[in-house]
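Below: the structure, in structure tokens.
Taken together, the values in this text are just the output of simple stated rules run on the coordinates, not laboratory data. Keep in mind the model is a prediction, meaning the values are calculated, not measured. Every residue, glycine among them, receives a Cβ derived from its backbone with ideal geometry; neighbour counts consider all protein chains shown.
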Amino acid sequence: MPTETAQNWIDRLHLQPHPEGGYFRETYRAPLTLPRSALPGHGGDRAASTAIYFLLAGDQFSAFHRIRSDELWHFYAGSTLIVHVITPDGEYRQIRLGSSADQGEHYQAVVPAGCWFGSSLLDPNKYALVGCTVAPASTSPISKWRSATSSSRTTRNTARSSSASRATDNHSLRPECLHWIHRGRTMRRQITRQQRRHPQQE
């Protein structure tokens, strides 16, 4: 079997650029719709579940975000993917998705609802193909990372809705986590500029 590359998977699975980084395609959306009354805090009706393919390659990353549902990650192919997780209490931890169980890697792992999370590759010269299943479905992240390296005054203004911002202000996050947060902010600015230049794409 020929060696697979990231581009092979992108072409074969018809993946598209993800607004938070990497490539994706939704593969399933449950026909069952759960009413808002059954989903406290979700703000509207939701499909019972959704699933996507997700791929990162090279130095790509998935910017920090959070959703109101648990998200189950599945490892399919490629190299180790690190999922950076910040709990509502500000605790940072890593989940390693991969095929080397003896090195602490997992084929499946859950990011609990309400946690901030992003992802990057352990080896920036490789790629990882994974899947993400969310139940109930989330139409979009409930908030984006606002202020990873801001002043304490700015942090106080955003901390009302973000324990992750408080953790950052206390310098309790690992350097690699702060690195991806900073890159995520840069990417969001680039996306915003592009949307302003091409409003029809919004």
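For the range 14-75, the relative contact order comes to 35 percent (Cα pairs under 8 Å, sequence separation of at least 6).
Given the convex hull of the Cα atoms of the range 6-135, what is a quarter of its surface area in nm²?
Numbers: hull surface 33.5 nm².
In nm², the orientation-averaged hull projection of the range 6-135 is 8.4.
Between Phe61 and Gly22, the built amide H atoms are under 5 Å apart, and every one of these is 5 or more places off in sequence or on another chain. With R₀ fixed at 25 Å, the C-beta to C-beta distance from Tyr28 to Asn8 puts the FRET efficiency at about 0.65.
Relative contact order for the range 6-135: what percent, with Cα pairs under 8 Å and sequence separation of 6 or more? Write down the numbers at each step before the final one.
Values: 324 pairs, mean separation 38.6, N = 130.
Answer for the range 6-135 is 30 percent.
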